[in-house]
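Notes for the one structure printed next.
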Amino acid sequence: MKRRYFGTDGVRGLYGSATMNEDFAWRMGAAAAAWLGEKGVPPGSPVLIGRDTRASGASLTLALAGGLAHGGCKPVSLDILPTPAVSRAVRDQHAVLGVVVTASHNPATDNGIKFFGPNGIKLTDEEEARIEQLLPASAGTPAATVTQIDGTSNYLDVAESLLPVGLDGWKIVVDAAHGATAHTSPHVLRDCHAEVFCLGIEPDGRNINAGVGSEHPEAMCEAVRLHGARLGIAHDGDGDRCILCDEHGVVLDGDELLTILALHALKQGKLAKNTLVVTVQSNLGVEAAVTAAGGRVVRTPVGDRYVSERMLAEGANLGGESSGHIICAEVAPTGDGLVAALKVIEVMLTTGQSLSELRKGLRKFPQVSLALKVRVKKPLETLIHLPKAIHSLEAELGTRGRVLVRYSGTESKLRLLVEGPTDAMVQAGIDRLQAAARTDLEVL
């Protein structure tokens, strides 16, 4: 079934638009409740709702709760909480569904809605499509009685238990993107005795992801150099991803973190099925490094829920995306930026190596990527010049590289990626693809 509203990570849009306003949120809540009813969930069953720090989050949450209550569910607020903490709370509280009102790394002008099933895993494409089919034509009264519970304590306790020893003497920079991790990540690291220097911990509803966080790591890198920290940790607005920087202030992306974790787990005999799950976006160097160490790499479409689904199918315990969504399944079934950072710190503690040393395990293939904002996402197969350019470039690269062209699942963007044996070849390739795309599409 084709989905109209859901993308790779829930529904997202400009707040106040036709697909992201209080009426739409109410309808989405009512549809989710109807879907639960179809599954035989008893009336009055609890549905947990968390949100990030966007100004629009409170009213959207209330409207969503109204739709859920209209459909017979009991809405329960977790207030502001990282997305992975909502996933854990759903499991801890035995809730029938979890909802997060967030637009992740998008600007404060956007917002979104994503769902977690009772196992704490994001819903499948088919489940989301069915919820869309059940959307009522219009919204009802937004008011609802909403119970509030603590969803933070268990999440913090689990996180703090991950490190084998304390972090006495460690200096760490944390950039929380003025988002949902503004209190959780610094709290955990301080409880582990680290000296923590913080950025992006003063959310005002309008500054989430604004020049800070995983999309803008420059300030984190500068702070690491200034304070002589061992590493920096930058989250996105809802905390389900992270990137790090080493002690020299040089950024490590998700591919580097996944390689560090996978190579260490292989040495320890703890990489389940010797398998790492990544998306088509990950650098070929990840595959080369893990394969050389005796492991296996499996690829999925872009989206951490596709990674999660494949991990379950493969029996794998580690997977993620180059963007920094990393799933450590022995801890949580969804991407968790704090858990990922703590697992990398655990490797540093165990090996005695710095991040600048550990990152040497990955030798990246030259890669260039580009995102073009387009007015209309015309099906790629209907275009004239771009498919020809893709086919020609793939033929030239052969087994020495790859080409990836896709539309973003959450934004009106065409994403282009080329990997190859030399920087010159990949830059020439991306230039050819961009030129072809601009001929076929209206690029803004």
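Computed from the coordinates by the stated procedures, all read-outs in this text should not be read as laboratory data. All figures in this text were calculated on a predicted structure; none of them were measured in a lab. Heads up, the Cβs are rebuilt from the backbone with ideal geometry, glycines too, and the neighbour counts pull from every protein chain shown.
A 21 angstrom limit on the alpha carbon distance is what I want to check against. Which of Lys2/Lys114; Lys171/Lys270; Lys39/Lys74; Lys267/Lys343; Lys267/Lys360; Lys273/Lys360 exceed it?
Lys171/Lys270; Lys273/Lys360
For segment 309-375, what does the alpha-carbon gyration tensor say about shape, rounded, prolate or oblate, given a ≥ b ≥ c as the root eigenvalues, a/c under 1.5 as rounded, and a/b over b/c as prolate?
Here segment 309-375 falls in the oblate category.
Sequence gap at least 6, Cα distance under 8 Å: using those rules, report the relative contact order of the chain to the nearest whole percent.
13 percent
Do you know the relative contact order of segment 11-152, to the nearest whole percent, from alpha carbon pairs under 8 angstrom that are 6+ apart?
In percent, rounded to a whole number, it is 34.
How big is the dipole moment of segment 170-249 about its Cα centre under a simple scheme where the beta carbon of each Lys and Arg is +1, that of each Asp and Glu is -1, and everything else is neutral? Debye, nearest 20, please.
For segment 170-249, the charge dipole is close to 180 debye.
With point charges of +1 on the Cβ of Lys and Arg and -1 on the Cβ of Asp and Glu, referenced to the Cα centre of the chain, which listed residue (Met425, Gly232, Gly98) lies farthest in the positive direction of the dipole?
Of the listed residues, the answer is Met425.
Given a Förster radius of 56 Å and the C-beta distance between Ser161 and Glu394 as r, what FRET efficiency does 1/(1 + (r/R0)^6) yield to the nearest 0.05?
According to the calculation, E is roughly 0.75.
Evaluate the relative contact order of segment 214-334 (contact order divided by residue number), counting alpha-carbon pairs under 8 angstrom at least 6 apart; express in whole percent.
24 percent
Rounded, prolate or oblate for the chain? Axes are the square roots of the Cα gyration tensor eigenvalues, ordered a ≥ b ≥ c, and the cut-off for rounded is a/c under 1.5.
Note, shape of the chain comes out oblate.
Give the lysines whose C-alpha is closer than 17 Å to that of Lys388, dropping any in the same chain fewer than 8 places away, or say none.
Lys378
For the peptides 189-195, 368-374, what is the packing order when you average, over each peptide's residues, the other Cβ atoms within 10 Å and list the highest mean first?
Those peptides, ordered most packed to least, come out 189-195, 368-374.
Using +1 on the beta carbon of Lys and Arg, -1 on that of Asp and Glu, and nothing else charged, what's the dipole of segment 11-152 about the Cα centre, debye to 20?
160 debye
Run the helix sum for the chain: -39,500 (n - 2.57) per DSSP H stretch of 4+ residues, divided by residue count, reported at 222 nm to the nearest 500 deg cm²/dmol.
-11000 deg cm²/dmol
Take peptides 243-255, 58-70, 268-280 and line them up by average Cβ neighbours within 10 Å, highest first, as a rough protection proxy.
58-70, 243-255, 268-280
Classify segment 170-249 from the C-alpha gyration tensor, please: rounded if a/c falls under 1.5, else prolate or oblate depending on whether a/b exceeds b/c.
Taking the square roots of the gyration eigenvalues as a ≥ b ≥ c, segment 170-249 is oblate.
In a Gaussian network model over the chain where Cα atoms closer than 10 Å are linked, find which of Leu78, Leu380, Leu266 has the largest mean-square fluctuation.
Result for the chain, Cα springs under 10 Å: Leu380 fluctuates most.
For segment 231-330, give the magnitude of the charge dipole about the Cα centre (Cβ charges: +1 Lys/Arg, -1 Asp/Glu; no others), in debye to the nearest 20.
Computed about the Cα centre, the dipole is about 500 debye.
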